[in-house]
Amino acid sequence: MFDRLLKKIDEVKSLKFEKATDELEDFIYNSSNFLNILEEIGTIPENIEHDSTEEKLFSKVSDIILSRAFVEIGLDSEVLKQRGNSADVFAKSQFHGYSLVADAKSFRMSRTAKNQKDFKINSLSKWKGNCEYSILCSPYFQYPKRASQIYSQSMEFNVCLFSWEHFIFLINNNIKENNQINFESIWNFGKYNSNKVLIANRKECFLNSFNKYVTDNINRDEKEFLNILRIQKTKIEKRCNNEILYLKNEISKFSG
């Protein structure tokens, strides 16, 4: 299904951006195997050129997929139309009344050097407006493994560092918000964690704690989520091999 999505992007790239976006939104919301797309969206293919129309459409697609992911876990959601200096996605709880803004992130495997500005934690906080929460959805394995300022910023501005893999876990297990299940405590993790972490340790990676916090809040075994991570690692390794092969073939065109 992800390959079909890439073909769809290629098909609509000559259209006006708004029209192309509408067609891609229809494609994504009518996709029967949404999980397959969700599993792959965190990685931008190397055959999509930098700053190209295809790359801009891929970015918009990630917003649409994030919005549908919120719908899949029981929230109302839409992609925001504003361009620049605003969040990409809005979502509202049907059962508990809170609202949130969210930003979708995807990265190329060839891009290894990232800094705090790539995650836009401070901006997400400002874009929250009248909403209660702001969420960053990034590929899980693209978050820094060691100390980083994004972790202290997450607590300072109460921005939830979520991931595509967390969505995969929830959707794969058909876990949806309802009268009994409230994801509000998950989105509020930054504030919760801020009250538990010493000032000297605020830059340390807290993903392991967050994973347990998420699974505890929905009464699931953390091992179930860790199994999702193992499966995703295997998929990423396969993608990595394919992307390396593509780059080698491109290099051979110039060296041959």
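The values are calculated or read from the model by the stated rules, or taken from the named source; none is laboratory data. Bear in mind that the values here come from a model prediction, so they are computed numbers and not experimental data. Positions of Cβ are backbone-derived with ideal geometry, glycine not excepted, and every protein chain shown enters the neighbour counts. SASA here: full protein model, heavy atoms, side chains in, ligands and nucleic acids out. Shrake-Rupley method; radii C 1.70, N 1.55, O 1.52, S 1.80 Å.
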**Message:** Please state the shape class of segment 1-67: rounded when a/c is under 1.5, otherwise prolate if a/b exceeds b/c and oblate if not, all from the C-alpha gyration tensor.
**Reply:** oblate
**Request:** Heavy atoms only, probe 1.4 Å: what % of the accessible area of the chain goes to carbon and sulfur, would you let me know?
**Result:** 45
**Message:** Quick check: residue separation of Phe95 and Phe17 times 0.36 nm, minus the Cα distance between them. What number comes out in nm?
**Reply:** 24.6 nm
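Among Lys56/Lys81; Lys8/Lys235; Lys16/Lys120; Lys145/Lys212, which pairs are too far apart, with a Cα-Cα distance over 19 Å? Show your work: numbers first, answer last.
Working: Lys56/Lys81 14 Å; Lys8/Lys235 22 Å; Lys16/Lys120 28 Å; Lys145/Lys212 16 Å.
Check vs 19 Å cut-off fails for Lys8/Lys235; Lys16/Lys120.
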**Prompt:** Of all DSSP beta bridges located in the chain, what percent are antiparallel, nearest 5?
**Reply:** 45
**Request:** Please determine, in degrees from 0 to 90 and to the nearest 10, the orientation of helix 2-12 with respect to the longest principal axis defined by the Cα atoms of the chain, where the helix direction is its Cα long axis.
**Result:** 60
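With a 1.4 Å probe and all protein chains kept in place, how do Thr215, Thr234 rank by accessible area, largest first? Please list the in-between numbers first.
Numbers: Thr215 0, Thr234 85 Å².
In descending accessible area the options line up as Thr234, Thr215.
Given Cα pairs under 8 Å that are at least 6 residues apart, what percent is the relative contact order of segment 62-101? The partial results should precede the final answer.
Working: 56 pairs, mean separation 13.1, N = 40.
After rounding, I find 33 percent.
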**Item:** With Cα atoms, 0 to 90° folded angle of helix 207-217 axis to the chain main axis
**Value:** 60
**Prompt:** What label, among (1) 18.3, 63; (2) 23.6, 90; (3) 19.5, 61, belongs to Rg and Dmax of the Cα atoms in Å computed from the structure on display?
**Reply:** (1)
**Message:** Starting from 0.36 nm per residue, how many nanometres of slack lie between Ser86 and Tyr213 once their C-alpha separation is accounted for?
**Reply:** 42.9 nm
**Prompt:** How big is the gap, in Å, between the Cα center of segment 22-78 and the Cα center of segment 185-256?
**Reply:** 19
**Request:** Count the net charge of all other residues whose Cβ sits under 14 Å from the Cβ of Glu237, scoring Lys and Arg as +1 and Asp and Glu as -1.
**Result:** +2
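Give the shape of segment 111-184 as rounded, prolate or oblate, defined through the alpha-carbon gyration tensor: a ≥ b ≥ c are the square roots of its eigenvalues, a/c under 1.5 means rounded, and otherwise the shape is prolate if a/b is larger than b/c and oblate if not. It would help to have the intermediate numbers written out before the result.
On the way: a/c = 2.50, a/b = 1.33, b/c = 1.88.
Oblate, since a/c reaches 1.5 and b/c is not below a/b.
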**Message:** Could you report the chain's accessible area per residue, 1.4 Å probe, as an integer in Å²?
**Reply:** 52
**Request:** For segment 27-137, just say rounded, prolate or oblate: build the C-alpha gyration tensor, square-root its eigenvalues into a ≥ b ≥ c, call rounded for a/c under 1.5, and beyond that prolate if a/b exceeds b/c, oblate if not.
**Result:** oblate
**Relative contact order (%) - criterion: Cα under 8 Å, at least six apart; region: the chain** = 16
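Assign unit charges at the C-beta atoms only (+1 for Lys and Arg, -1 for Asp and Glu), then state the dipole size of the chain relative to its Cα centre in Debye, rounded to the nearest 20. Could the numbers behind the result be given before it?
Details: 37 positive and 35 negative charges, 166 e Å.
In debye, rounded to 20, the chain gives about 800.
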